[in-house]
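Q: Got a structure for you, written out below as structure tokens; questions coming shortly.
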Amino acid sequence: MVRMELATIRKHVQCRRRLDTLGSIILLLTSLISEIVSSSSAQGLASTPPRGWNSYDSFSWIISESEFLDNAEFVANTLKPFGYEYVVVDFLWYRKRDPKASIWSPGFDLTDEWGRPVPDPVRWPSTAGGKGFGPIADKVHAMGLKFGLHVMRGISTSAIAKNTPILGAKGSPDGSGERLWRAQDIALRDRPCFWMPSCFVSVNTSSEGGKAFIESLYQQYASWKVDFIKHDCVFGAEDMSLDEIEAVSQAIVNTGRPIVYSLSPGVRATTAMGFDVHKLSHMYRVTSDDWDFWNDVQSHFDVARDFAAVGLVGASGLQEGRSWPDLDMLPLGWLTDPGAPYGPYRRCRLSSDEQKLQVTLWAISKSPLMYGGDLRNIDKATLDLITNPVMLDMNANSFGNREVHSGPAPDNEAPPVLRLVGCNETINTRWAVHQKFLGSNNEQLCWTVPDVSFSSGTRTRELNGCFEGPLSRDPCTEFLRNAKKVNVPYLHPDQARSSTKEFETLCGNYWKQWPTTYEIANKEHFVSSSKLIGETWRVTSTGQLIGTKHGLCASIQVQVNVSRIWIARGLSGNVYVAFFNLGLKPSSIAISLDSLVKDQASYSPRKQPGNIILKSGLQCVGLDVWSNKQLGILNGVLSALVPPHGAALFSLTCNYTITDI
């Protein structure tokens, strides 16, 4: 298979040297991609980064069958020609939509007689009568798509409370053979899911009962004709459960069904963790949840750089497939809020430049592209962004993808970024609540970061700032007021207060437990995170800002290196170059063509430096991808003025060849 691909590439590269026009090159590239894609089925699962749609960013946990199938139909009719093929139901499809139910509430999960989750038939009527998701999968497959499900770590506390028997378990827990294995025999209550501890705990995968439970789960998913599994609460700093990942990987193999296996949530994931799991999976999240906050987006740059630098992008995966570090879904278009009990109601908060920057990073780092917005209400700009053919080709078919430069912004600009860290870590941030005006009741939450050093070494200085006040001592009222501004009908303050169901679901007694804490709001130039939604905070006597729900501390970290450059090589011999500006001001970013060529020659799939063949003075032509404008002949340097929080992407064809292909 590899020899055939290399032969095909050599044939087309030789032909390309005889072509004179850019249009011919584009036609040739299309032909090459067609040949490669047509043979991809023989390469194993996830031979390129998986691409599709996931329900969470737009529907949280409450999605219904009709809403799901409407979005699947859009994927089939509009996005499938662009390689989007998976449609994934995200979490809690087995949770009853009860007024008292939320993403953290136990006791509302439906299971069968063996403790396995089953879909809520109220939201998923086709699954009633014990049919499971099989009928939904049949409808998805009839559209020419593939069906995916989100599943959680271990076993649900609902199954433990019922102490259900375990299907297929031989013997008995005490070895006597006198009783069946049951849920309480395999549950490891001291290993709960970090972020849903009352709902799910690990299972003892070394026991006969634990192994049988995992096997029965995945045999059930295979019987439902599932093509994609997103396995949550098993990967990352707090959640790493290598024993369960290994057990599930083997269970998937044992089903005999080709299932793409994805891991999450990936909070503070390291490259060492990536090396532990890449052969056991096809995708694994390397970041915490990404939402439409600038802080979430920019926090992915160092992570993407590190996983690319150690060669984990496209490394060997489960069942002779490949594996991909995953930067999470794309929260673009028409969205809801994290964990919300309501569906899509608002547009993406990111600016158009920030959205281009996000898609550019995801594409050039070869992250899976899983769109998260409600496709029934997608706008043309967003659709054009996620279907750009050059961007998609780079994501699927480029190689040698990596960051080659990072540097300071003009004037030593260092925009502050809010991060969540463990409270026992070294935190170089001090917090305090100050009166905004002397003698007033209006308060501000202020921060100070001393001794900020810039990479240029030109100066060291203190940075500080405040949230503009007043801070609300009644976060629920403030939340409802903001909801009114974005026209959420059933969140109007007066209506919400008169409706016990909605008010208690959204605001409830949780706020009343913390009458003296503060809600952090998203402010200009001081960007918040999706993980802060619904969080309250207290300032300690030592100047720490501690979240009362997550138990994490807030830290201001200064983004010094805000100018980034990534490159990759295309199969047609072209070079992709991406400029990123993470700063608050426009920035001129440039790379010399000479250094670009040398860098490309230094990278070889065979780990050997390539030989450069240059017929005359180095020149390049190409395309500015996002403006869709042809570049003139470039001599010496590629440069662009990149807007704040923006990106520029180029595809260059230069008059040299590298003999390593």
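The values are calculated or read from the model by the stated rules, or taken from the named source; none is laboratory data. Note that the structure is predicted; figures quoted are calculated from it, not measured. Don't worry about glycine lacking a Cβ; one is built from the backbone with ideal geometry, like all the others, and counts go over all protein chains shown.
Q: How many residues, within segment 304-343, are assigned to a helix (DSSP H, G or I) and crowded, with 20+ Cβ neighbours inside 10 Å? Let's see the steps before the verdict.
A: Of all residues in segment 304-343, those assigned to a helix (DSSP H, G or I) come to 304-309, 318-320.
Cutting the leftovers down to crowded, with 20+ Cβ neighbours inside 10 Å gives us 304, 307-308, 318.
Count: 4.
Q: Within segment 369-388, is there a residue that is on the phi > 0 side of the Ramachandran plot, at pLDDT 95 or above and assigned to a loop (DSSP other than H, G, I, E, B)?
A: So the first thing to find is which residues in segment 369-388 are on the phi > 0 side of the Ramachandran plot, and the list is none.
No, that holds for no residue.
Yes/no matrix, rows are residues, columns are (1) under 21 Å from residue 53 (Cβ atoms); (2) touching a residue at least 40 places away in the same chain (Cβ under 8 Å); (3) touching a strand residue (DSSP E or B) at 6+ places or on another chain (Cβ under 9 Å):
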position: 280; (1), (2), (3): no, no, yes
position: 289; (1), (2), (3): yes, yes, yes
position: 295; (1), (2), (3): no, yes, yes
position: 299; (1), (2), (3): no, yes, yes
position: 325; (1), (2), (3): yes, yes, yes
position: 348; (1), (2), (3): yes, yes, yes
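Q: For segment 61-87, what are the residues that are among the hydrophobic types (A, V, I, L, M, F, W, C), closer than 15 Å to residue 147 by Cβ and assigned to a loop (DSSP other than H, G, I, E, B)?
A: Residue satisfying the conditions is 63 alone.
Q: Turning to a different aspect of this structure: Take the residues in segment 229-252 that are in contact with a His (Cβ under 9 Å, 6 or more places away or on another chain) and either part of a strand (DSSP E or B) or polar (S, T, N, Q) (or both); name whichever of them is surrounded by the fewest Cβ atoms within 10 Å (Cβ to Cβ). Give the derivation first.
A: Initial filter on segment 229-252 (in contact with a His (Cβ under 9 Å, 6 or more places away or on another chain)): 229-232, 244-245, 248.
Now narrow it down to the ones that are either part of a strand (DSSP E or B) or polar (S, T, N, Q) (or both): 229-232.
On the way: 229: 24, 230: 25, 231: 24, 232: 22.
By that ranking, first place goes to 232.
Q: Out of the residues in segment 146-168 meeting the condition of being of a type in the set (A, V, I, L, M) and under 21 Å from the mean Cα position of the chain (by Cα), tell me which one is nearest to residue 75 (Cα to Cα).
A: Of segment 146-168, the ones of a type in the set (A, V, I, L, M) are 149, 151-152, 155, 159-161, 166-167.
Filter once more, so that each one left must be under 21 Å from the mean Cα position of the chain (by Cα): 149, 151-152.
Values: 149: 16, 151: 22, 152: 26 Å.
Going through the qualifying residues, I end up with 149.
Q: Let me ask something else about it. Restricting the search to segment 253-269, which residues are hydrophobic (A, V, I, L, M, F, W, C), assigned to a loop (DSSP other than H, G, I, E, B) and under 24 Å from residue 303 (Cβ atoms)? I'd like the intermediate steps shown before the answer.
A: Going through segment 253-269, the residues hydrophobic (A, V, I, L, M, F, W, C) turn out to be 253, 259-260, 263, 267, 269.
From what's left, assigned to a loop (DSSP other than H, G, I, E, B): 259, 269.
269 - this is the single residue of segment 253-269 that is hydrophobic (A, V, I, L, M, F, W, C), assigned to a loop (DSSP other than H, G, I, E, B) and under 24 Å from residue 303 (Cβ atoms).
Q: Identify the residue in segment 177-213 that is within 30 Å of the chain's Cα centre (by Cα) and among the aliphatic types (A, V, I, L, M) and, among all such residues, is farthest from residue 159 (Cα to Cα).
A: 196
Q: Does residue 256 satisfy the condition of being under 21 Å from residue 213 (Cα atoms) and surrounded by fewer than 17 Cβ atoms within 10 Å (Cβ to Cβ)? Explain how you work it out, then say what you get.
A: Numbers: under 21 Å from residue 213 (Cα atoms): yes; surrounded by fewer than 17 Cβ atoms within 10 Å (Cβ to Cβ): yes.
Against the criterion (under 21 Å from residue 213 (Cα atoms) and surrounded by fewer than 17 Cβ atoms within 10 Å (Cβ to Cβ)), residue 256 qualifies.
Q: Let me ask you something else. Tell me, yes or no, whether segment 428-436 has at least one residue that is surrounded by fewer than 17 Cβ atoms within 10 Å (Cβ to Cβ), part of a loop (DSSP other than H, G, I, E, B) and at pLDDT below 90. Lay out the reasoning, then the answer.
A: Of all residues in segment 428-436, those surrounded by fewer than 17 Cβ atoms within 10 Å (Cβ to Cβ) come to 428, 432-436.
Then keep just the ones that are part of a loop (DSSP other than H, G, I, E, B); that gives 428, 436.
Imposing the further condition that a residue be at pLDDT below 90 reduces the set to 428, 436.
The answer is yes, given that some residue of segment 428-436 is surrounded by fewer than 17 Cβ atoms within 10 Å (Cβ to Cβ), part of a loop (DSSP other than H, G, I, E, B) and at pLDDT below 90.
Q: Could you check residue 223 against (1) among the small types (Gly, Ala, Ser); (2) under 23 Å from residue 155 (Cα atoms); (3) buried (at least 22 other Cβ atoms within 10 Å of the Cβ) and say which number it fails?
A: (3)
Q: Looking at 107, 132, 148, 168, which is the one that is more than 17 Å from residue 54 (Cα to Cα) and crowded, with 20+ Cβ neighbours inside 10 Å? Walk me through it before giving the result.
A: Working: 107 fails: crowded, with 20+ Cβ neighbours inside 10 Å; 148 fails: more than 17 Å from residue 54 (Cα to Cα); 168 fails: crowded, with 20+ Cβ neighbours inside 10 Å.
After applying the criteria, what remains is 132.
Q: Further question: Limited to segment 346-390, what total is found for residues that are aliphatic (A, V, I, L, M), surrounded by fewer than 16 Cβ atoms within 10 Å (Cβ to Cβ) and under 27 Å from residue 312 (Cβ atoms)? Spell out how you get there, then give the answer.
A: At the first step, the residues of segment 346-390 found to be aliphatic (A, V, I, L, M) are 350, 357, 359, 361, 363-364, 369-370, 375, 378, 381, 383, 385-386, 390.
Subsequent filtering for residues that are surrounded by fewer than 16 Cβ atoms within 10 Å (Cβ to Cβ) retains 381.
Retained after the next criterion (residues that are under 27 Å from residue 312 (Cβ atoms)): none.
Number of matching residues: 0.
Q: Mind checking which pairs have a first residue in segment 401-415 that is more than 8 Å from residue 562 (Cα to Cα) and a second that is in a helix (DSSP H, G or I) and at pLDDT below 85, Cβ under 6 Å, 6 or more apart or different chains?
A: Final answer for the pair search is 404/599.
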